[in-house]
1. What shape does the range 61-204 take by its C-alpha gyration tensor, where a ≥ b ≥ c are the square roots of the eigenvalues and a/c under 1.5 counts as rounded, a/b above b/c as prolate, and the rest as oblate?
2. R0 = 51 Å: FRET efficiency of E121 with K354, Cβ-based, nearest 0.05?
3. Could you pull out the trypsin sites (Lys or Arg not before Pro) across the range 317-354 that fall in loop regions by DSSP (anything but H, G, I, E, B) with no more than 15 other Cβ atoms inside 10 Å?
4. I need the chymotrypsin sites (Phe, Trp or Tyr not before Pro) found in the range 69-161, filtered to DSSP loop residues with at most 15 other beta carbons within 10 Å of theirs.
5. Starting from the Cα of K362, draw a straight line to each of the lysines and keep only those under 25 Å, dropping any in the same chain fewer than 8 residues away.
6. Nearest 20 debye, what's the magnitude of the dipole of the range 19-222 about its Cα centre given +1 on Lys and Arg Cβ and -1 on Asp and Glu Cβ?
7. Just want the answer: with Cβ charges of +1 for Lys and Arg and -1 for Asp and Glu, which residue in L42, A191, S244 is farthest toward the dipole's positive end in the chain?
8. Which of V344, Y379, T310 sits closest to the plus end of the dipole of the range 308-380, meaning its Cα is farthest towards the positive end, when Lys and Arg get +1 and Asp and Glu get -1 on the C-beta?
Amino acid sequence: MESPFIYYRQVTGKNFLGHKEECTVLGNLLQNGEHAAIYAPLKSGKSSLVQQTLMKIRMAGFQFSVGEFNLINIREGDKFLLRYGSTVLRAVAVSPGEYANLVSTYLDGTHFVFDEKDYQESDAIISTNWDLDEKDMKAILTLPFRICRDKGMNFILIMDEFQNLLMCDDGEKICSILGECLEEYRDYEAAGRCSLVFTGSMFNAMDGIFRHKNWFYRYVTVVNLEDPEEKEIIEYIHRGFMLSGKEVDRSLLHGVCAIFRRNMWYINHFTSICDSLSRGYIIEATLMEALRTIISIHETRFFAIMEDLTTFQVNLLRALADGYSRFSAIDVIRNYNLNSSANVKRLKEALMKKEIIYFKDKDTPVIADPLFEYWLKNYYFA
């Protein structure tokens, strides 16, 4: 029997919790051919939100095709463009003949080709016969828009871990050209529309792309994720344990929500461990054992994070763990040996670049990983 607490894959339907407003916003954007960016720290529910939204708009009668690819291992701009184009073609065609026809129709005059030998050997739908130039980039980036316009179809292209594009030497150039493409096809009249969905788990990198750069200004709407309400989470956990024939005191679950800051991936992981450790009534000792277990699973990763920090960076992290947010105050600089306000600025930027912290509402620093924060306070700095 499958555990009622799912953390190892995307969830939809009855297992999807919260994010009702975000689903509505994202659904409206996609049905109107608009573009969206969704970014939050790892395991915040981004993919589940997208899949839940696609399910809802499909059930509401909106007809569309969808393509999705991940940039997690992208380090070269050419590979991004090939994966982008291949994902589009796989969504609208199924045979080598159809692929070849689409490439010759929509990518004629570029250095993109359909190579029968490459397709047979490596399943490559698009290959290149020369170094790519700006004309090639624009042709491949506008490919889904032109296909949708001509075929009268709605298409949603999802790009996961989009911030990795900036690790490519020509990543900024590709972003700039893509922004121009979005402007060009923003108000075109057609029976079909193409929507791009950008997701990413590196909050600060994605925030830099979509809030601080001008590449996608006015063309992409950022959909902010809000955590589910505590009451809703507690009822969800209680209901899940009841499905296993178990009972838990609801008052104990307030602490669970606090430790994991209402992060459903961690909560599902934690409660799944509780489920495996217990029979019948779940007592506080069971919850503490499950907490020690989940910490032991992630502790090696947490040690690796700390080993990569300088002493000054560790000191700033300690000040944050102790509840301080104004690091440039004289007493904080002195008590935590931060050297100077100029050094504090550099330390904040370094921790943000490592995606260890981010700033909420510009002034409130947050440790991105809730379990890492708990571990810092109760183990590393204890």
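Coordinate-derived values only; no laboratory data. Only a predicted model underlies this, so the values are computations on that prediction, with no experimental measurement involved. Heads up, the Cβs are rebuilt from the backbone with ideal geometry, glycines too, and the neighbour counts pull from every protein chain shown.
1. Details: a/c = 1.38, a/b = 1.03, b/c = 1.34.
Verdict is rounded for the range 61-204.
2. Working: r = 40 Å, r/R0 = 0.78.
The calculated FRET efficiency here is 0.80.
3. Details: sites: R318, R326, R334, K345, R346, K348, K353, K354; in loops: R326, K354.
Here the sparse-neighbourhood loop sites are R326, K354.
4. Values: sites: F69, F80, Y84, Y99, Y106, F112, F114, Y119, W130, F145, F155; in loops: F114, W130.
Answer in residue order: W130.
5. K43, K46, K213, K345, K348, K353, K354, K377
6. Working: 21 positive and 29 negative charges, 186 e Å.
So the magnitude is around 900 debye.
7. With unit charges placed on the Cβ atoms, the residue in question is S244.
8. So the residue we want is V344.
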